[in-house]
Amino acid sequence: MDKASMQTTILAAKGRLDLSWAAIAERIGMSPVWTTSACMGMNSMPTEVADKLCDVLELPAEVSKALQAFPHKHWDKAIPTDPLIYRFYEMINVYGGTIKELIHEEFGDGIMSAIDFSMDISRVADPKGDRVQIILNGKFLPYRSW
């Protein structure tokens, strides 16, 4: 089973069992963001976690094997048309240079790791309409000189 078939199978089981990502993550002992990312094919799961997820979603062993496979992290070079994903492109286009300048000013010449990284997504109540809060937490990796 490839990652695309795995994703389709997991989403169908999630819908059939009427489970949220948060509920699935809690039952396997992992974060909702990481669990969702692995189920969408962008991370690999350790055997024990993949097996547990398959138990929760009542899925066969082939799904566990696909969850354990190392992903090929790629994306289309075209700007997505999905409105939510497009807004992230818009944010980076508008604020990417600012983020880079502020990180360099605070930490020096380097990057924020997307490997030694965590993310949290939460709802923040607001009288004008609830807000989405996204916290990106990545290790700073300075560029080396040699």
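Read the figures in this text as sums done on the coordinates, not as results from a lab. Values in this document were obtained by computation on a predicted structure and should not be read as measured data. Because the Cβ atoms are built from the backbone with ideal geometry, glycine has one as well, and the counts that use them run over all protein chains shown.
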Magnitude of the Cβ-charge dipole (Lys and Arg +1, Asp and Glu -1) of the range 3-68 about the Cα centre, nearest 20 debye, reported as 180 debye
Cα convex hull volume per residue for the range 3-68 (Å³): 64 Å³
For the range 1-137, what's the relative contact order in percent, using C-alpha pairs closer than 8 Å and at least 6 residues apart? 19 percent
Need the list of lysines near residue 3 for cross-linking: C-alpha distance under 29 angstrom, and skip anything on the same chain fewer than eight residues off. 14, 52, 65, 73, 77, 139
